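Heads up, the thing below is written out as structure tokens.
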Amino acid sequence: LTGVPREQRAFQYLLAHAIPGDPRHVLRTFDQWCYRCEHLSCVGPVKGRIVERLLEERAPLRVLELGTYCGYGTVLLARGLPPGGRLYTVEGDPRHAAVAEKVIRL
């Protein structure tokens, strides 16, 4: 109705409520948006704990993410990498990539 895509609305919510530089808080705020406002296809906290556990167990030095969408998974993956680890992420939709880049920088 507003002409603003929901992914951008989610980012605006993050800007207003998330603590910049705190990836855990950014993810928690993203989850709040998805539960209270509008649904977005994100990993979420339940599956996120599984991903965190796998990253901790395997400690990969490189991770490739195909489909960045809004950057939720990217932030989750980056948090779990060991020092020196590298994360490569690819998003085919330029609008989603623009939102993801802002989320990642936040």
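The values are calculated or read from the model by the stated rules, or taken from the named source; none is laboratory data. From a predicted model like this one, the values you see are computed outputs, not experimental measurements. Note: ideal-geometry Cβ built from the backbone for every residue, glycine included; neighbour counts use all protein chains shown. All accessible areas refer to the heavy atoms of the entire protein, side chains included, with ligands and DNA or RNA removed. Shrake-Rupley method; radii C 1.70, N 1.55, O 1.52, S 1.80 Å.
Which one of the conditions (1) within 16 Å of residue 99 (Cα to Cα); (2) open to solvent by less than 70 Å² (accessible area, probe 1.4 Å); (3) part of a helix (DSSP H, G or I) does residue 40 fail to meet, given that it meets all the rest?
(3)
Filter the range 7-28 for residues that are without any contact (Cβ under 8 Å) to a residue 40 or more places away in the chain, out of contact with any Cys (no Cβ under 8 Å at 6 or more places or on another chain) and more than 24 Å from residue 49 (Cβ to Cβ) and give the result.
If the condition is that a residue be without any contact (Cβ under 8 Å) to a residue 40 or more places away in the chain, out of contact with any Cys (no Cβ under 8 Å at 6 or more places or on another chain) and more than 24 Å from residue 49 (Cβ to Cβ), then 12, 16 are the ones that fit.
Only residues that are of a type in the set (A, V, I, L, M, F, W, C) and more than 14 Å from the chain's Cα centre (by Cα): list them for the range 47-63, please.
If the condition is that a residue be of a type in the set (A, V, I, L, M, F, W, C) and more than 14 Å from the chain's Cα centre (by Cα), then 50, 54, 55, 59, 61, 63 are the ones that fit.
May I ask you to list pairs of residues, at least six apart or on different chains, whose Cβ atoms are under 6 Å apart, with the first in the range 64-85 being at positive phi and the second being hydrophobic (A, V, I, L, M, F, W, C) and open to solvent by 40 Å² or more (accessible area, probe 1.4 Å)?
Qualifying pairs under 6 Å: 71/104.
Being open to solvent by less than 60 Å² (accessible area, probe 1.4 Å), of a type outside the set (Val, Ile, Thr) and within 13 Å of residue 104 (Cβ to Cβ) is the requirement here; does residue 14 meet it?
Here the answer is yes, as residue 14 does meet what is asked.
Okay, residues lined up against (1) surrounded by fewer than 17 Cβ atoms within 10 Å (Cβ to Cβ); (2) among the β-branched types (Val, Ile, Thr); (3) out of contact with any helix residue (DSSP H, G or I) (no Cβ under 7 Å at 6 or more places or on another chain); (4) under 17 Å from residue 6 (Cα atoms):
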residue	(1), (2), (3), (4)
19	yes, yes, no, no
59	yes, no, yes, no
79	yes, no, no, no
82	yes, no, yes, no
98	yes, no, yes, yes
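On the basis of being closer than 26 Å to residue 9 by Cα and modelled with pLDDT of 95 or more, does residue 93 make the cut?
Against the criterion (closer than 26 Å to residue 9 by Cα and modelled with pLDDT of 95 or more), residue 93 qualifies.
Six or more apart or on different chains, Cβ atoms under 9 Å: show the pairs whose first residue is in the range 33-50 and touching a residue at least 40 places away in the same chain (Cβ under 8 Å) and whose second is in a loop (DSSP other than H, G, I, E, B) and surrounded by 12 or more Cβ atoms within 10 Å (Cβ to Cβ).
No pair meets every condition.
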